[in-house]
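K.L.:
Got a structure here, written out as structure tokens. Questions coming.
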Amino acid sequence: MVYTYKRKTDRANWSQENLAKAMEEAKKTSKLRASKMYGIPYATLHRHIESGSSKKKLGRFESVFTPEEEKELLLYVQKMDSLFYGLTRTEFLQIVGEFARKKGKARVFSGNIAGKGWFKNFKLRHPTLTLRSPEPTSIARVKGFNREAVNRFYLLLEEVVVKHNIEPDMIFNMDETGVRTSSTKPPKVLSTYGKKQVGIISSNEKGVLTTVVCCCSASGRFIPPFFIFKRKRLNPRLLDGAPPGAEATTTDSGWINSQKFLDWLQIFVQKVRPTTEHKALLILDNHQSHKSYEALDFATKNNIIFLSIPPHTSHKLQPLDIAVYGPIKKYFEIEVNTFQKQHPGRTIDQYDIAKLFTGAYLKGAVPANAISGFRASGIYPFNSQIIGDEHFAPSEVYQGNAANIISETNITSPRREDQQNTTTSESITSFSANRCASPDTVSSQSLDPNTSHPDITNTANNENSRNFQTPSTPDSNILQEIRPIPVEIKKRFMSGRKQQKSEILTSTPIKMAQKEKRDAIIAKKKVSFDTPGPSNVKMRKVRAKKGPSKNKENKEQAFFCTVCKEQYQHPPIEDWIQCDVCREWTHEACSSYSGRGSYFCDDCFD
């Protein structure tokens with residue numbers, strides 16, 4: 001089949017508009033007069049008058065669907081893509097075939113499935129449509145990044161900044177990242193076209209994890225990195241070649257814990273030196289190591305305010321994740337690749353990590369990246385509208401509003417830079433005006449979820465007024481019948497865990513709640529948080545592998561992991577551990593258990 005037609009002569013150079021006018025003129029006077037008046041051949045005019053159509057055709061083939069119908073198909077494809085339920089080419093061709101059948105055009109496609117020729121022409125008519133490899137996104141991240149959680153974060157951020165008059169050089173973001181002694185995503189190399197596999201030398205398969213704590217301010221200032229090595233004792237040689245001012249510690253797992261976060265917090269106070277008049281705002285995630293009572297109490301005494309971001313929103317709300325860690329990881333892979341080429345046969349170990357990380361840190365941790373991250377997240381300059389409606393579309397599937405989520409402007413064309421600049425400038429003006437307001441006015445607004453907040457309510461109303469209502473045309477109804485928008489199926493087993501959200505962690509109610517939980521655990525088990533308890537990992541693993549005791553009670557009772565909700569099976573495939581307080585079971589891989597001392601699940605520890 002011919003995919004495209006190209007005009008080879010100047011014949012039939014009249015327009016379709018002139019043909020329609022000539023047909024109207026022929027009704028009033030005559031065909032011959034209308035033909036001469038508009039320059040249309042008499043035979044052509046006669047043929048179109050007999051058929052009653054003024055449509056100009058090139059060749060004997062016609063488009064299967066009208067432009068309006070193709071627009072409906074395009075909007076449907078883009079809507080499903082925005083919901084993270086994108087259509088494959090095969091699925092789309094099947095839907096098009098069914099759509100044609102319901103429109104009375106079943107004979108166009110053989111087997112009621114659109115062919116490759118039609119798909120190629122459809123892509124030519126709509127060049128914005130392309131096939132791409134999607135990135136797997138967990139349901140937890142999709143649900144977590146919702147409009148209510150993000151609006152609450154911006155409301156708390158504005159309240160804290162205005163109430164305490166915090167300047168940009170005192171607004172910080174802290175987060176951890178992991179680097180390994182092996183290459184995980186090496187840079188691209190030149191190779192031969194068509195070669196099946198391209199390899200590169202790596203020091204080892206997985207490598208040893210090292211956690212690096214970084215921190216930067218909205219003004220572009222960086223706190224020296226803090227290394228956490230996976231080992232028992234700290235050797236000063238581990239910091240050879242590290243960035244100036246960097247410090248290090250060790251843990252059994254290589255991850256941060258409550259005590260190591262408190263150690264880093266003491267370094268942070270020494271570098272920043274916040275005072276009562278100039279308090280520091282530290283934006284961080286909801287990791288349990290950041291919420292221990294000791295850390296919250298230390299922060300309060302040293303004029304630091306903790307503001308947590310909602311769970312599963314760090315890719316949009318955390319400046320380090322947005323603009324700093326990406327370049328650092330890229331340059332780190334280049335440093336590893338260069339090191340392996342300069343030292344053939346040598347294995348990268350922990351003593352090389354600091355030196356390799358320094359080269360990447362000095363290139364990626366620059367003021368321009370930090371300022372860009374704070375701007376892109378809307379933290380500074382403050383812009384609560386910087387995240388568009390299209391980013392909340394996937395979460396709307398689980399809230400029952402999937403049909404009214406995408407605005408037509410977001411589908412047909414991307415957001416313009418001038419619109420972003422206008423929104424940003426307006427929000428900066430509003431933010432400056434609010435900072436001149438009385439702190440009592442802002443602090444008097446309650447954050448009780450049962451009460452309505454004017455800022456959130458007005459924002460939601462404005463967003464709903466911009467929402468795109470799917471046109472109630474027969475075509476739209478047909479597509480919804482063929483492949484409806486997915487609806488979440490509620491699980492019968494519901495988790496009893498308290499859902500986390502954005503909070504001012506150093507506020508008195510949260511701090512006292514953490515203290516009460518800590519005191520309750522200490523009183524119940526008589527364990528000290530300062531000194532780890534006896535190592536009973538082996539006993540726990542043997543106990544878990546045997547599974548729950550096989551008495552009459554346990555035969556009738558089902559056990560579920562407190563994190564992933566997977567039911568216990570005997571014999572178990574993975575190691576299970578039991579909470580010392582609530583006696584619930586958890587996969588060891590799902591928990592944050594460090595391998596030493598007593599284990600407390602998230603519900604009992606928080």
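K.L.:
Is it true that some residue in the range 492-510 is in a helix (DSSP H, G or I), at pLDDT below 50 and not aliphatic (A, V, I, L, M)?
P.N.:
For the range 492-510, residues in a helix (DSSP H, G or I), at pLDDT below 50 and not aliphatic (A, V, I, L, M): absent.
K.L.:
Hey, another quick one. If E135 meets every condition in (1) surrounded by 15 or more Cβ atoms within 10 Å (Cβ to Cβ); (2) part of a loop (DSSP other than H, G, I, E, B) apart from one, which number is that one?
P.N.:
E135 satisfies every listed condition except (1).
K.L.:
Quick check: anything in the range 70-82 assigned to a loop (DSSP other than H, G, I, E, B) and at pLDDT 80 or above?
P.N.:
no
K.L.:
Taking the range 1-59 as the search range and keeping residues that are in contact with a Leu (Cβ under 9 Å, 6 or more places away or on another chain), of a type in the set (S, T, N, Q) and over 27 Å from F109 (Cβ atoms), which one is modelled with the highest pLDDT?
P.N.:
Selected residue: S35.
K.L.:
Go through (1) buried (at least 20 other Cβ atoms within 10 Å of the Cβ); (2) not in a helix (DSSP H, G or I) for Y325 and report which single condition fails.
P.N.:
(2)
K.L.:
Could I ask something else about it? Checking W118 against (1) touching a Phe, Trp or Tyr at 6+ places or on another chain (Cβ under 6 Å); (2) farther than 30 Å from K501 by Cα, which test does it fail?
P.N.:
So W118 meets the others, but not (1).
K.L.:
Name the residue that is surrounded by the fewest Cβ atoms within 10 Å (Cβ to Cβ), counting only residues in the range 138-168 that are within 16 Å of the chain's Cα centre (by Cα) and part of a loop (DSSP other than H, G, I, E, B).
P.N.:
Top of the filtered list is S138.
The values are calculated or read from the model by the stated rules, or taken from the named source; none is laboratory data. Fair warning: this is a prediction, and the values are worked out from it, not measured in the lab. Counting neighbours? That spans all protein chains shown, and the Cβs are built from the backbone with ideal geometry, glycine included.
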